[in-house]
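Enquirer: Starting off with a structure, shown below.
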Ligand SMILES: [Zn+2]
């Protein structure tokens, strides 16, 4: 920063020129000061980058990222029996995720027997309050040729793209980006996290989960049996719980603002007999109320579990054909439904806007210091000139 000595040692300078330069610096610092809103990260969400992440994850198991030692000759990210028994593709994805989050400057750790990858952006004012944006990166319950392009390279790519843009800002609350393992074994990774990190850790920072956004399958909206069926986004939560309802409404309000083309559909049949509508992915353990705990959480998906399991809305679910290249080239794809990257990008924009608003985006310290420096120099220069 400017010292008085340094200032006085400046060569004689045209006062007007000096003031203009300082004023320009001050104006340049303004975007970093008080002007930042959730629109800034939302508008940085890139469909091109999202697509690149999704394709990388879909191709895990071919050694394209990790080298020949990860090439198993087919695509798969199986780890339902724990990472010790995981497929090469899962381990390649694990390496990829850690490298990507680390390159973003986030604090990265690997948690539990199913290798959840946790990347953290620490809050500046309320670090003990945590927002989570997540998706499972494993696929599926056995080690066969199964690329899982939609389930769930699509959601994991959304977590990466959200992390890429949000990591460029600071927030009052902590934001954690989590790629879950073991989901296909019935949410084994997220159960491990809720039981062993959220509830048992002595650090209060791990206990105060203020909101979870979990993306599981966000690339193939529409129904196979009805190709013209509306392409909506389905939300699952415990609507009868005030905290969950409020969290879901924050997401719906963000969708209206940041992705007005997105049709958002709350899944209303969340009774105990159909508990899987809010439970059947990694948001579930946060809302199961084991030991009485309930954390506001939201399932974000192209179809409800009921639609996928019982109404056959996704003919490629858990098959060898769940990949962008196979769908596009499959003569049996009668419905003609393929991956919809516009749809997924809108989902990621909404998730980023929701987190940026809830965790509260703050001005960049560098911008504040620059502005303060400019004001001090101008004041000192003005007083010197007046003497
Ligand atoms: Zn899934």
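A short reminder: the numbers here are calculations on the coordinates, not readings from a lab. Every value quoted in this text rests on a predicted model; they were computed, and no experiment measured them. Here Cβ is always computed from backbone atoms with ideal geometry, including for glycine, and neighbour counts include all displayed protein chains.
Enquirer: Using r as the Cβ-Cβ distance of residue 274 and residue 142, and R0 as 25 Å, what FRET efficiency do you calculate, to the nearest 0.05? Display every interim value, and only then the final one.
Expert: On the way: r = 27 Å, r/R0 = 1.08.
It comes to 0.40.
Enquirer: Separate question: As an exercise, use a Förster radius of 41 Å and the Cβ-Cβ distance of residue 256 and residue 81 to find the FRET efficiency, rounded to the nearest 0.05.
Expert: Numbers: r = 42 Å, r/R0 = 1.03.
In this case the efficiency is close to 0.45.
Enquirer: Pull out the extension gain between residue 109 and residue 342, defined as 0.36 nm times the separation in residues minus the alpha carbon to alpha carbon distance; nm, one decimal. Don't skip to the end; give the middle numbers.
Expert: On the way: separation 233, 0.36 × 233 = 83.88 nm, distance 3.13 nm.
Additional length available on full extension: 80.7 nm.
Enquirer: Give me 191, 278, 239, 180 sorted ascending by neighbouring Cβ count inside 10 Å, so fewest comes first. Show your work: numbers first, answer last.
Expert: Numbers: 191 22, 278 26, 239 16, 180 33.
The most exposed by this proxy come first: 239, 191, 278, 180.
Enquirer: On to the next question. Using a 10 Å cut-off around each Cβ, can you sort 75, 195 from fewest to most neighbouring Cβ atoms? Mind dumping the intermediate values first?
Expert: Details: 75 27, 195 15.
So the residues, fewest neighbours to most, are 195, 75.
Enquirer: Let me ask something else about it. May I ask for the Kirkwood hydrodynamic radius of the stretch 39-362, worked out over all distinct Cα pairs and given in angstroms to one decimal? Don't skip to the end; give the middle numbers.
Expert: Working: mean 1/r = 0.0520 Å⁻¹.
When all Cα pairs of the stretch 39-362 are included, the Kirkwood radius is 19.2 Å.
Enquirer: Right, something else. Which parts of the stretch 123-157 would a label at residue 246 reach, counting a residue when its backbone N lies under 20 Å from a point 7 Å out along Cα-to-Cβ?
Expert: 125-133
Enquirer: Give me the number: length gained by fully extending residue 208 to residue 35, i.e. 0.36 nm times residue separation minus the C-alpha to C-alpha distance, one decimal in nm. Kindly include the intermediate steps, with their values, before the conclusion.
Expert: Numbers: separation 173, 0.36 × 173 = 62.28 nm, distance 2.89 nm.
Taking 0.36 nm per residue and subtracting the Cα distance, the gain is 59.4 nm.
Enquirer: What FRET efficiency would be calculated for the residue pair residue 332, residue 230, taking the C-beta separation as r and a Förster radius of 25 Å, to the nearest 0.05?
Expert: On the way: r = 24 Å, r/R0 = 0.96.
With R0 = 25 Å, the Cβ-Cβ based efficiency is 0.55.
Enquirer: Quickly work out the residue 125-to-residue 294 label distance, labels modelled 7 Å from Cα along the C-beta direction, and quote it in nm with one decimal.
Expert: 2.8 nm
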